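Novice: What follows is a single structure, and I will ask about it in a moment.
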Amino acid sequence: MSTVATPAEASPTSATATSSLVRDTYTVFARAMRMSLRNPAWLVISLMQPILYITLFGPLLTSDAVQLGAGNAYQVFVPGILVQLGIFGALFVGFGLIAEYRAGVIESQRVTPASRTALLLGRVLRDVVVLLVQGTLLVLVAIPLGLRAPLAGVLLTLVVIALLGAAFASVSYALALTLKSEDAFAPLLNAVVLPVLLLSGILLPMSLAPGWLQAISDVNPLKHVVEGTRAFFDGDYGSSTAWWGAALTVALGVLGWWFGVRRFRQESS
C-alpha cells in the first residue's frame, strides 16, 4: 500500500536546509582556499602596496603627528591603510571569478544542487580570511615603526575590515558576473578607486582639507568608517564617531551581501 508524504515530510526542514548551506559553503570555501594556497604570489603582491605605504609614507608623517590629531602618527595612518586593504583587496577579487566563468567553473557549479547563496558565501569567507591575515601582518609590521594602539581597538578594527571586505567582495563578484569581461571590469574599478582613496581620508584625515572638500567627503560613508577605526585605535570606544563608523560598516555589509546574493541567484535562474 503506497503512502503519500505529508507537506511536512515532503519539504526539507529548516535544520536540513541549514546543514546543506553550511556543507555547501564549506565545500566552496575549501576549494577557494586551496586555490589561494597553491598560488600565494598574488597574496604577497596584494600585501606589498599597503606595506610600502606604511614603511615609506608613514615616516613622513611622524613630525606632523600633533597636526594630524594624534600623539602617534601611525595611530592615524595605519587604520586608514587597513580600511584601504579591506576595500581594494576585496574589490579586485572579481577578476578571479571572471576567469572561472570563462573556464566553465561557474556553469558547472550552476547545474549542481548546491545553494546559490553558498556559492557566494564560500568565496567571500575565503576573502575575509585572507584580509584578516593580511591586516594582522600589517599591524605587526607597523609596531616596530612606532605604532602604539590598544589591543581591543586593533581587534575591533579588524572586525570592521572583515565586514568591509565581505561587502566589497560580494559587490565585486556580482559586478564580475554582470560584466563577464576584464576589459569592462578594470575601467569600472579604476573609476571607483581614486575618488574613494581621495575622499575617504585613508591617507590623511579630511580635517586637513579645505572646507569645500570636507563637505564633499562628508557624504562618503567610507570617510566615517575610516574615522571610526581611528577612534578605535585611539582607545575612544564610546564616541559617536567610533560607533557611527561601525554602524555604517554594518549597513554597507548588508547592502553588499544583498546585491551579491541577488546577482548570483539571477545568474542561476
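Bear in mind these aren't lab numbers, they're just calculated from the coordinates by the rules spelled out. Everything quoted here is computed from the prediction, not taken from an experiment. All Cβ positions, glycine included, derive from the backbone under ideal geometry; neighbour counts span all protein chains shown.
Novice: Relative to the present Cα-Cα distance, how much length would full extension add between Leu179 and Ala15 at 0.36 nm per residue of separation?
Specialist: Going from the current span to full extension adds 55.5 nm.
Novice: On C-alpha positions alone, give me the angle between the axis of helix 151-179 and the longest principal axis of the chain, in degrees, nearest 10.
Specialist: Approximately 50 degrees, to the nearest ten.
Novice: Highest mean first, what order results for 32-39, 251-258 on Cβ atoms within 10 Å?
Specialist: Packing order, densest peptide first, comes out as 251-258, 32-39.
Novice: Order these by the 10 Å Cβ neighbour count, fewest first: Phe57, Phe185, Phe77.
Specialist: Final ranking by Cβ density, sparse to dense: Phe57, Phe185, Phe77.
Novice: Before rounding to the nearest 500, sum -39500 (n - 2.57) across all DSSP H runs of length at least 4 in the chain and divide by the residue total; then give [θ] at 222 nm in deg cm²/dmol.
Specialist: So the helix-based figure for the chain works out to -25000 deg cm²/dmol.
Novice: OK, next. Taking θ as phi - 60°, what are the ³J(HN,Hα) couplings along region 125-130 by the Karplus curve (6.51, -1.76, 1.60), each to the nearest whole Hz, with x for Gly and Pro?
Specialist: 3J(HN,Hα) across region 125-130, in whole Hz: 4, 4, 5, 5, 4, 4.
Novice: To continue, here is another question. Using 7 Å Cα-to-Cβ label points, what is the Ala41/Leu255 separation (nm, one decimal)?
Specialist: 3.7 nm
Novice: By its C-alpha gyration tensor, with a ≥ b ≥ c as the square roots of the eigenvalues, how is region 88-175 shaped: rounded for a/c under 1.5, else prolate for a/b larger than b/c, else oblate?
Specialist: In terms of gyration-tensor shape, prolate.
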